[in-house]
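Q: Structure in structure tokens, see below.
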Amino acid sequence: ELPLFSDSPVARYDHIVLRSVFSDGWAIRKIRPQNASYVRDQFLRDTHAAMGQPISHGRFVHLYVDGLYWGVYNAVERLDASFAAHNLGGEPEEWDVIASNNLFEPAPYARNGDLEAWNALMALADSGLSSDVQYEEIQEYLDMDNFIDYLLVQLWAGNTDWPHQNWVAARRREPGAGFLFFVWDAEETFRSENRT
């Protein structure tokens, strides 16, 4: 319980992720250390925030474990139901948090809550959006302004490690609440002007 992020009013965190920025860091010598910047992932989250969207806040820290220096890490709020409740309201049990696949889970999976609203959203998307009625229906499950900004920031940055993975969406279980999408794990960006 402390104000960890200066750009956030939240002062209580249940989960903080210490991100090593993997392929954007100098430690991974086999993966372009000459292009390491350490800032791509956080920069995309901050850009999404500048567009007026909620984000998982982060800041860079020097990590020591038992007095041994481990280097620079990006301390970031974990995108889960506790994050959603602390930042967007309600209680953690009111939130569905859906994430893309990783090595241990099929895609997509419910990190918190269930897939009921997500499956309804996917069914509406699969049925097409050719009419005004269909477009209105899908907005019962999708925050369209957030989704547009999310797509813009990902496409603008040329994120090659997305959309097949590295996405998280959250929705408070109440009528008319749309899923919000959050930038996550976006260090594979701004690599080349030819990548889309």
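Q: Where the second residue is open to solvent by 90 Å² or more (accessible area, probe 1.4 Å) and at pLDDT 85 or above and the first is among the aliphatic types (A, V, I, L, M) and lies in segment 5-22, which pairs have Cβ atoms under 9 Å and are six or more apart or on separate chains?
A: Once the first residue is among the aliphatic types (A, V, I, L, M) and sits in segment 5-22, its partners that are open to solvent by 90 Å² or more (accessible area, probe 1.4 Å) and at pLDDT 85 or above give Leu18/Trp70.
Q: Between Arg59, Arg32, which is modelled with pLDDT of 85 or more, within 25 Å of Arg191 (Cβ to Cβ), out of contact with any Pro (no Cβ under 6 Å at 6 or more places or on another chain) and open to solvent by 70 Å² or more (accessible area, probe 1.4 Å)?
A: Arg59
Q: Here's a check for you: in segment 35-56, which residue that is modelled with pLDDT under 85 and in a loop (DSSP other than H, G, I, E, B) is most open to solvent (accessible area, probe 1.4 Å)?
A: Out of the qualifying residues, it is Val39.
The values are calculated or read from the model by the stated rules, or taken from the named source; none is laboratory data. Everything quoted here is computed from the prediction, not taken from an experiment. For neighbour counting, all protein chains shown are included, and Cβ atoms are generated from backbone atoms with ideal geometry for every residue, glycine included. Only protein heavy atoms, including side chains, enter the accessible area calculation; ligands, DNA and RNA are left aside. Shrake-Rupley method; radii C 1.70, N 1.55, O 1.52, S 1.80 Å.
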